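Each value in this text was obtained by applying a stated rule to the coordinates, not by laboratory testing. Model, not experiment: these values are computed from the prediction. Every residue, glycine among them, receives a Cβ derived from its backbone with ideal geometry; neighbour counts consider all protein chains shown.
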Ligand SMILES: [Zn+2]
């Protein structure tokens, strides 16, 4: 396996590479650089396509890699006008379609091109569609994945052998995986490590090879050093929790974006005691930001841009994940909906409305087990929603 010594800004085409043997089968789309200051994924994909070109393995279906924020990648800048990984709510995508392209700001036009590329790929019928979105973080820390908790996402994410973050979509709106997952496809983020750390490229490369296998395009035997790729990610995640549920996002006010300062030296997955000083925020960073509970720190912001200060979560035992998979296969939500004050709102059971008087008998965790993540209040009901499991 190759290693890179430094990470430099890159000028790239929208389509970073495409590989197929003309056989029908699954589609794997890998995106990289949705944030322009995260070029590691682009370098990793270049290595993978170079190896594929050299070895010419026979692949089922098609593998396509796409660049995210090309303007930002060329300048090693996260974004120009707006975070490109917060633009994918249904409303924003509708607004994009209705808006004249001349009125796009920088990330809107990037999004317009990326959306056209993705829709072009989805226009062909595929056995299965999976998206792996490669990212990296400004602070140090190990690789991990982020996904909406559907059973088919679990298959791809858990294969990577790094911690899996659940529930981030309850705290962040408009990510690309939310959009693609909402179309019913597999959609997983890999955070490969620190933005400028050469090991991030290695981690991304390993993740792409492993996903080419788990998404059904290649067999293990066709991947050079498959076991070494697995071992690399496992080693990077050694000693960390398998699954962490995100429970808190520190939201930075837009007017305080440049003032926010994390306490130096904090890392993702570090255990934090309740009340520990984590950051300074406010107009001139005069407010102290303390840990709201004891748990695991995630993605502390050590860059100048962005409104996510940090996240905190708690680890979940693998036992509960197996229970939750069984509950969903049994469609336990149908039983729950027989209770007074609980109503399934969608025929597929993906939206459930609960009378708040009844809801206090259930914990939010209970609905999480059934795969419901988003909670909103509507007409004096608590409404939980989830994505499709393919059972
Ligand atoms: Zn990112």
Next item on the list: Could you please state, rounded to a whole Å, how far the C-alpha centre of segment 43-81 is from the C-alpha centre of segment 288-324?
Entry: 29 Å
Item checked: Alpha-carbon centroids, segment 23-42 and segment 99-114: separation in whole Å -> 20 Å
Check: Once label points are set 7 Å from the Cα along Cα→Cβ at both residue 277 and residue 221, what is their separation, rounded to one decimal in nm?
Finding: 6.1 nm
Item checked: Value of relative contact order over segment 121-178, rounded to a whole percent, pairs C-alpha under 8 Å and six or more apart -> 32 percent
Check: Per residue and in cubic angstrom, what volume does the convex hull of the Cα atoms of segment 187-323 have?
Finding: 141 Å³
Check: Which order, highest average first, do 92-102, 289-299, 151-161 follow once you tally other Cβ atoms within 10 Å for each residue and take the mean per peptide?
Finding: 151-161, 289-299, 92-102
Next item on the list: With a cut-off of 19 Å, note down the residues of segment 140-169 whose backbone N falls inside the zone around a label point 7 Å from the Cα of residue 375 toward its beta carbon.
Entry: 148-150, 166-169
Notebook entry, point to check: Which three extents, in whole angstrom, do the alpha-carbon atoms of segment 1-113 cover along their principal axes, largest first?
Noted result: 45, 38, 20
Note to self: Sort 227-240, 33-46 by the packing proxy (mean of other Cβ within 10 Å over each peptide's residues), most packed first.
What the structure shows: 33-46, 227-240
Next item on the list: Sort the following peptides by mean Cβ neighbour count (other Cβ atoms within 10 Å, averaged over residues), highest first: 334-341, 79-86, 347-354, 207-214.
Entry: 207-214, 79-86, 347-354, 334-341
Check: If contacts are Cα pairs under 8 angstrom and at least 6 residues apart, what is the relative contact order of the chain in percent?
Finding: 15 percent
Check: In whole angstrom, how far apart do the alpha carbon centroids of segment 229-269 and segment 202-225 sit?
Finding: 26 Å
Next item on the list: With a ≥ b ≥ c taken as the square roots of the eigenvalues of the C-alpha gyration tensor of segment 56-109, please select rounded if a/c is under 1.5 and otherwise prolate if a/b is larger than b/c or oblate if it is not?
Entry: oblate
Item checked: DSSP bridge orientation in the chain - percent antiparallel, rounded to nearest 5 -> 60 percent
Check: Plugging the Kirkwood radius over Cα pairs into Stokes-Einstein for segment 138-225, at a temperature of 20 °C and a viscosity of 1.002 mPa s, what D comes out in µm²/s?
Finding: 156 µm²/s
Margin query: Could you tell me the calculated FRET efficiency between residue 261 and residue 326, based on Cβ-Cβ distance and R0 = 45 angstrom, to the nearest 0.05?
Written below: 0.50
Next item on the list: Over the residues of the chain, compute the C-alpha Rg and express it relative to 2.2 N^0.38 Å.
Entry: 0.98
Item checked: Distance (nanometres) between label positions extended 7 Å along Cα→Cβ at residue 94 and residue 228 -> 5.1 nm
